[in-house]
Amino acid sequence: MKIPKPLGEMIPTGYKVIEQIHGDLNKDEQDDVVLIVKKIDKSKIVTDEHGKVVDRNRRGVLIALKNNDTYDMVIKNLSCFSSENEYGGAYFPPELYFNIAKGNLYFHYGHGRYGYWEYTFRYENRDFKLIGYDNSRNRGPIILEVISINFLTEKMLIKKNLKPSEESGKEVFKETWEKFSMPTSIGLSEIHDFDRLYIQRMIEESQ
């Protein structure tokens with residue numbers, strides 16, 4: 001994995017880059033960089049419940065905005081994501097995907113037949129503010145409920161399947177719009193653990 005030299009020098013000691021994506025995040029037509037990093041701690045290399053040796057070091061994110069031949073590191077959150085090998089009990093851990101589209105940064109958790117949830121961030125004042133959250137709760141191929149939250153308009157769309165016993169493709173959804181108010185925005189730099197970021201609970205408690 002080739003990392004631009006000026007950026008490689010900014011990676012903290014004791015961490016390795018496991019993934020990188022590129023795209024314009026601040027509308028200056030330059031290719032900014034998002035690095036997913038992982039701590040290097042041998043004590044977190046363990047044997048799991050199936051006898052397999054796995055790396056349970058947590059993951060984090062570095063975001064650097066390109067400025068001609070240099071980079072400006074605006075986000076350094078080194079442990080906000082759990083390990084891809086985290087123990088999930090009866091469930092397998094979700095797959096985490098990263099994407100840049102239309103200037104926004106997306107963190108997408110895919111959980112197979114159980115659905116997915118996704119966070120949308122936008123650059124603002126040297127941080128990335130949470131502007132959207134989507135959650136799909138599934139039972140196999142059947143969608144049971146979809147929630148879409150827009151933090152810019154402070155509106156939430158809830159789509160509930162009225163016929164959950166029907167086969168996939170025959171869902172009938174009831175749509176409900178709710179208005180909410182958030183006193184403060186959520187910045188990526190402030191998120192300590194995405195696994196404990198309970199969006200709907202936070203909205204309910206702020207009303």
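Within segment 31-38, identify whether any single residue is at negative phi, surrounded by fewer than 16 Cβ atoms within 10 Å (Cβ to Cβ) and either at pLDDT 95 or above or not aromatic (Phe, Trp, Tyr) (or both), and answer yes or no. Checked against the condition, which is being at negative phi, surrounded by fewer than 16 Cβ atoms within 10 Å (Cβ to Cβ) and either at pLDDT 95 or above or not aromatic (Phe, Trp, Tyr) (or both), segment 31-38 yields at least one hit. Condition (residue is buried (at least 20 other Cβ atoms within 10 Å of the Cβ), closer than 27 Å to Ile203 by Cα and either modelled with pLDDT of 95 or more or among the hydrophobic types (A, V, I, L, M, F, W, C) (or both)) applied to segment 67-76: is it met by at least one residue? The answer is yes, given that some residue of segment 67-76 is buried (at least 20 other Cβ atoms within 10 Å of the Cβ), closer than 27 Å to Ile203 by Cα and either modelled with pLDDT of 95 or more or among the hydrophobic types (A, V, I, L, M, F, W, C) (or both). Confirm whether Ile143 is crowded, with 16+ Cβ neighbours inside 10 Å and either closer than 21 Å to Lys102 by Cβ or in contact (Cβ under 8 Å) with a residue 40 or more places away in the chain (or both). Answer is no for this residue.
Here Glu145 passes the criteria (1) assigned by TED's automatic domain parsing to the domain that holds Pro164; (2) over 22 Å from Pro164 (Cα atoms); (3) acidic (Asp, Glu) except the one numbered (2). Restricted to segment 93-198, the set of strands (runs of 3 or more DSSP E) holding at least 3 residues that are aromatic (Phe, Trp, Tyr) and under 30 Å from Lys66 (Cα atoms) comprises 104-110, 115-124. The single condition among (1) under 28 Å from Val61 (Cβ atoms); (2) at pLDDT 95 or above; (3) out of contact with any helix residue (DSSP H, G or I) (no Cβ under 7 Å at 6 or more places or on another chain) that Ile203 does not satisfy is (2).
Restricting the first member to segment 160-176 and to residues that are without any contact (Cβ under 8 Å) to a residue 12 or more places away in the chain, and the second to residues that are surrounded by 11 or more Cβ atoms within 10 Å (Cβ to Cβ), the beta-carbon pairs closer than 8 Å and six or more apart or on different chains are Lys163/Glu171; Lys170/Lys163; Val172/Asn161; Val172/Lys163; Val172/Glu166.
The strands (runs of 3 or more DSSP E) located wholly in segment 1-90 that include 1 or more residues which are of a type outside the set (Asp, Glu) and in contact (Cβ under 8 Å) with a residue 60 or more places away in the chain occupy 15-23, 32-39, 59-67, 70-81. When segment 1-30 is filtered for residues that are at pLDDT 95 or above and in contact with an Asp or Glu (Cβ under 8 Å, 6 or more places away or on another chain), the ones remaining, listed by number, are Gly14, His22, Gly23, Asp24, Leu25, Asn26, Gln30. When the residues of segment 52-75 are filtered to those that are β-branched (Val, Ile, Thr) and under 21 Å from Glu86 (Cβ atoms), the one that is farthest from the chain's Cα centre (by Cα) is Val53.
The values are calculated or read from the model by the stated rules, or taken from the named source; none is laboratory data. None of these values were measured; they are calculated from a predicted model. Neighbour counts run over all protein chains shown; Cβ positions are idealised from the backbone, glycine included.
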